[in-house]
Amino acid sequence: MAKQRRDHSDPTKPQSKKSVARRPPVAPPRPAEIVDEAAIRRRAAFQEAVALYDRGMQAFQQREYRRAAELLSAVLEQHPEELDLRERARLYLKICERQASPVESTPRTLQERIYAATLALNAGAPHQALPHLRAALEADPQNDHALYMLAVVHTLRSDPAAALIHLQQSIALNPENRARARQDPDLDALRLHPDARALLDTPAGPDRRRFPRSRPAH
């Protein structure tokens, strides 16, 4: 008959515990990592808003005003943090809604003058846009949108010297206008000018988080 094995351990002594492998504690993210992640999310949201706005402007330039209004309205609804972009979206949304209606009275505010200039360019009348834009700059000399539009007006009027002055001022106030000018079909003639090529080939400066001032094709 097999003998039972006796437990000779002393019950008065504490039993040794088996060693359990423990995982090293996970270090919390450093503040720089948190900031980087927030910056990445912020830039992704900005790029998404820009893409949506650009699609709206493409529809606007093709005179698909209903589609443009839908896309611009989406910018307002989905990206409340993009204040500058929302301001532009509101302007062009208003144009979409009133495109078929004439300007009711003489423009008085800055936005009304830019709106009137936009309608004139859409109608193929850059000479009519010129006084509205000059009045807009009298009210706000630092308005890069009006300066950019003046560059377009002078290009269409075959005045490259004046166009270059206004385009340079517009880019100085908002470097994003350089990228816009590189692709704007209304500036095709100006881009043939040596000084314009030098201006547009200059590397972009620091990102000032301001959105380019788009102008619809007429």
Residue match in the range 115-137 (condition: of a type in the set (A, V, I, L, M), within 18 Å of the chain's Cα centre (by Cα), at pLDDT below 90 and in a helix (DSSP H, G or I))
no
Looking only at residues that are of a type in the set (A, V, I, L, M, F, W, C) and touching a Phe, Trp or Tyr at 6+ places or on another chain (Cβ under 8 Å) in the range 75-98, which one is surrounded by the fewest Cβ atoms within 10 Å (Cβ to Cβ)?
L91
Verdict on A129 being crowded, with 19+ Cβ neighbours inside 10 Å, of a type outside the set (F, W, Y), within 26 Å of V50 (Cα to Cα) and touching a residue at least 24 places away in the same chain (Cβ under 8 Å):
no
Go through the range 138-162 and report how many residues are part of a helix (DSSP H, G or I) and either surrounded by fewer than 18 Cβ atoms within 10 Å (Cβ to Cβ) or free of Cβ contacts under 8 Å to residues at least 12 places away in the same chain (or both).
4
Which of the following residues is among the small types (G, A, S) and within 18 Å of Q183 (Cβ to Cβ): A163, A146?
A163
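The values are calculated or read from the model by the stated rules, or taken from the named source; none is laboratory data. The structure displayed is predicted, hence computed values, not measured ones. Quick reminder, even Gly has a Cβ in these numbers, built from the backbone with ideal geometry, and neighbours come from all protein chains shown.
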